[in-house]
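Here's the structure, in structure tokens; my notes come after.
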Amino acid sequence: MVRRSGSEPESVLGFFSAAGRLKREPRKGWVSKLGIKDPESVADHSYRTALMAMVYSDVHGLDTLRVLKMALIHDLPEAIVGDSIPGERTKERKLKLESTAMKEILEEMPPAQRREYGMIWQEFNSGESEEALLVREVDKLEMAVQASEYRSAHAALGTEEFIESARAAIRDPDLLALLRLVSQPG
């Protein structure tokens, strides 16, 4: 295998280590709002979001590689700033904290990947491309799927708040159809 300049293992180790921290970062809403003792991690959420986004990107004929990259890194800054729940931080404060964290995480990446991943993450946050809109909606849909699973497994009360949040954010008819399925009791 030919080694390309800038792809040495030490140049990406910090990136991989940051991503690994997401495996230990609990999704805060499940703890604070439902009292789930051992909630999914941010990495768990990002993984299923990526799978769901891949399927729907293919269905809609979008740039699936870009969608996958976006879904995999959309919560990466939480490796530094932690997960937050709506209302805990203003949108402006959250974006500022996460932008600084993303820059720090990408610092050790080769320049081309630093630029690309930074732009993809910014695209997700702006929500202006079809790919970003899809990932943003799938992000909410995955939350609703998880809420439904917690409702079934723990008879947890209050999951409707999570499902309603997803319902308010999703416009895509295919995603809404799936949301209707998971939001049914039982």
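The values are calculated or read from the model by the stated rules, or taken from the named source; none is laboratory data. The structure displayed is predicted, hence computed values, not measured ones. Every residue, glycine as well, gets a Cβ built from its backbone with ideal geometry; the counts of neighbours run over all protein chains shown.
Data for the structure
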{"item": "Of residues in the range 150-186 being of a type in the set (Gly, Ala, Ser) and not in a loop (DSSP other than H, G, I, E, B), the one surrounded by the most Cβ atoms within 10 Å (Cβ to Cβ)", "result": "166"}
{"item": "Residue list for the range 124-157, restricted to those being free of Cβ contacts under 8 Å to residues at least 40 places away in the same chain and of a type in the set (S, T, N, Q)", "result": "125, 126, 129, 148, 152"}
{"item": "Odd one out for residue 76, checked against (1) at pLDDT 90 or above; (2) part of a helix (DSSP H, G or I)", "result": "(2)"}
{"item": "Where residue 103 falls short, out of the listed (1) in a loop (DSSP other than H, G, I, E, B); (2) surrounded by fewer than 15 Cβ atoms within 10 Å (Cβ to Cβ)", "result": "(1)"}
{"item": "Hits in the range 58-84 - residues which are within 19 Å of residue 100 (Cα to Cα) and without any contact (Cβ under 8 Å) to a residue 60 or more places away in the chain", "result": "72, 73, 75, 76, 77, 78, 81, 82, 83, 84"}
{"item": "Residues located in the range 79-100, provided they are hydrophobic (A, V, I, L, M, F, W, C), farther than 13 Å from residue 19 by Cα and assigned to a helix (DSSP H, G or I)", "result": "95, 97"}
